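See structure below.
The values are calculated or read from the model by the stated rules, or taken from the named source; none is laboratory data. Model, not experiment: these values are computed from the prediction. As a convention, Cβ positions derive from the backbone with ideal geometry for all residues, glycine included, and neighbour counts pool all protein chains shown.
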Amino acid sequence: MSRSLPAPPLTPLIASLWLACAATFAHAEPMTDVQALAQKEQQPLLDTLRDLVGIESGSKDIDGLNQIAERVAGQLKQLGGTVEILHPTDIYRLDDTPETIGPAVHAVFKGTGSKKIMLIAHMDTVYLKGMLKDQPFRVDGDKAYGLGIADDKQGVALILHTVAMLQKLNFKDYGTLTVLTNGDEEISSPGWRSTITKFAADQDAVFSFEGGGTDGTLRLATSGIGSAYLTVQGKSSHAGARPEGGVNALYELSHQVLQMKDLSKPEQGLKLNWTVSKAGTNRNVIPADAAAQADARALKVADFDELQKALQEKIKNRLLPDSRVELKFEVRRPPLEANDASRRVAAYGKTIYGEIGLSLKVDEKATGGGTDAAFAALKTSGAVVEGMGLSGFGAHSNDAEYVQINSIVPRLYLATRMIMDLSTGKLK
Ligand SMILES: [Zn+2]
């Protein structure tokens, strides 16, 4: 691992960290050509980021999404990829899925080796059209600000410039390097989830470029989010004159909710909580309709399957046999579970960071909501690593989203080296 090339000129921060670290730990030296190139690539990446932030691309802004897809596809073509802009055909309709879903950009770079590596990020944001004027791209000190810059325009830019670095290094030892950027992550990927799962299935490694949080932690697990929708149909009738002629949907709903209130298994991270309900129209009418919603969380894909079965079983037991009860379960996002391959790849990331005098945290305890990495992991035995993006803050906020400029060079170095060492078999 150790290379005998001299250390290149470093930015003062990295240099001081590097020296401090070098004094106490013996570690491999950086690949100076890759590191020097990462430093050269910082400004072009910021230029790309400025362009991407400048295109508003909320999940429901189809014009904006088409525009950013063109921009991303164009850059990938210039880098030598076989590129296509895809439109969704297999849509998993969720309660809040819009009629039209934005495109995805798919690019494949063919190499001379055998390893299959995929890089994913999303082009859409949570913001509504018109918000960019209050939060344009700007650099202030060590931060770059802009609408959607942390979540997830930085991820798209980082992928583009990682591929650019490999091209400049004339590195082609991978079998295929696939890039997939989608336009519906923020609405739980109804249009692209099956494609992400399909393309990821035979990859040796998938790197997902959501932001690395404030400290650049790589994430190997995220919790899954589901919703249950319970609907009851009864029959209306005058509540004063002839209540016995109705079928009270509210009574049936209440019965159902109570018999489904203890399905959580906190010891394994499975949670089901009923949170929303609605019934009836007027005080003096026996309600004909009632509905409720529950929030579900899980750490294992199988737990959602079992929960769905348990719910479907429960609704067979009715209080009012004349009522009609239906239950729909949505997996908004499956959980991402750490596997041995992802542990190995992430651990190797620590070694790579060590070469440039930095330490890297890896978290395999699920925290917070899921991402597209979970869809990538559904059918693969390869590594899936989330949080490869820049450090930053303020995702989904209205005024302060930013990325840390000093995380650009380390992240470019990390992604490029991971791809190189996976391809050559140094990272097994
Ligand atoms: Zn995101």
In the stretch 51-80, anything surrounded by fewer than 21 Cβ atoms within 10 Å (Cβ to Cβ), touching a residue at least 40 places away in the same chain (Cβ under 8 Å) and not in a loop (DSSP other than H, G, I, E, B) is listed as I62
In this structure, is A69 among the aliphatic types (A, V, I, L, M) and within 17 Å of I187 (Cβ to Cβ)? yes
Report yes if some residue within the stretch 140-160 is assigned by TED's automatic domain parsing to the domain that holds M388, more than 16 Å from the ligand (Cβ to nearest atom), crowded, with 24+ Cβ neighbours inside 10 Å and within 20 Å of A346 (Cβ to Cβ); otherwise report no. no
Failed condition for L253, given (1) surrounded by 24 or more Cβ atoms within 10 Å (Cβ to Cβ); (2) touching a residue at least 40 places away in the same chain (Cβ under 8 Å): (2)
What's the number of the condition L128 fails, among (1) assigned to a helix (DSSP H, G or I); (2) touching a residue at least 40 places away in the same chain (Cβ under 8 Å)? (1)
Could you tell me whether L177 is away from the ligand (no atom under 16 Å from the Cβ), at pLDDT 95 or above and buried (at least 23 other Cβ atoms within 10 Å of the Cβ)? yes
Mind checking whether some residue in the stretch 81-102 is surrounded by 22 or more Cβ atoms within 10 Å (Cβ to Cβ), in the same structural domain as K60 (by TED's automatic domain parsing) and either in contact with a strand residue (DSSP E or B) (Cβ under 9 Å, 6 or more places away or on another chain) or assigned to a loop (DSSP other than H, G, I, E, B) (or both)? yes
Restricting attention to the stretch 368-386, does a residue exist that is surrounded by 15 or more Cβ atoms within 10 Å (Cβ to Cβ), at pLDDT below 95, within 16 Å of the ligand (Cβ to nearest atom) and of a type in the set (G, A, S)? yes
Would you mind finding the one in P190, P136 that is on the phi < 0 side of the Ramachandran plot and away from the ligand (no atom under 16 Å from the Cβ)? P136
So, in the stretch 256-274, of the ones that are assigned to a strand (DSSP E or B) and touching a helix residue (DSSP H, G or I) at 6+ places or on another chain (Cβ under 7 Å), which residue ends up surrounded by the most Cβ atoms within 10 Å (Cβ to Cβ)? L270
Evaluate the stretch 302-312: report whether one residue or more is buried (at least 21 other Cβ atoms within 10 Å of the Cβ) and modelled with pLDDT under 95. no
I'd like to check something: does the stretch 188-196 contain any residue that is surrounded by fewer than 24 Cβ atoms within 10 Å (Cβ to Cβ), touching a residue at least 40 places away in the same chain (Cβ under 8 Å) and under 25 Å from G80 (Cβ atoms)? yes
Counting only residues that are in a loop (DSSP other than H, G, I, E, B) and in contact (Cβ under 8 Å) with a residue 24 or more places away in the chain, which one in the stretch 131-160 is nearest to V108 (Cα to Cα)? G148
Can you find a residue that is farther than 17 Å from H106 by Cα and either free of Cβ contacts under 8 Å to residues at least 12 places away in the same chain or away from the ligand (no atom under 16 Å from the Cβ) (or both) anywhere in the stretch 198-217? yes
Only helices (runs of 4 or more DSSP H) wholly contained in the stretch 301-389 count here; list those with 1 or more residues that are more than 22 Å from S407 (Cβ to Cβ) and free of Cβ contacts under 8 Å to residues at least 12 places away in the same chain. 301-314, 340-355
Return a yes/no flag: does the stretch 162-180 have any residue that is of a type in the set (S, T, N, Q), over 27 Å from N406 (Cβ atoms) and in contact (Cβ under 8 Å) with a residue 12 or more places away in the chain. yes
If we ask which residues in the stretch 194-221 are in contact with a helix residue (DSSP H, G or I) (Cβ under 6 Å, 6 or more places away or on another chain) and assigned to a strand (DSSP E or B), their number turns out to be 4
What number of residues in the stretch 275-288 are surrounded by fewer than 17 Cβ atoms within 10 Å (Cβ to Cβ) and either in contact with a His (Cβ under 8 Å, 6 or more places away or on another chain) or outside any loop (DSSP other than H, G, I, E, B) (or both)? 6
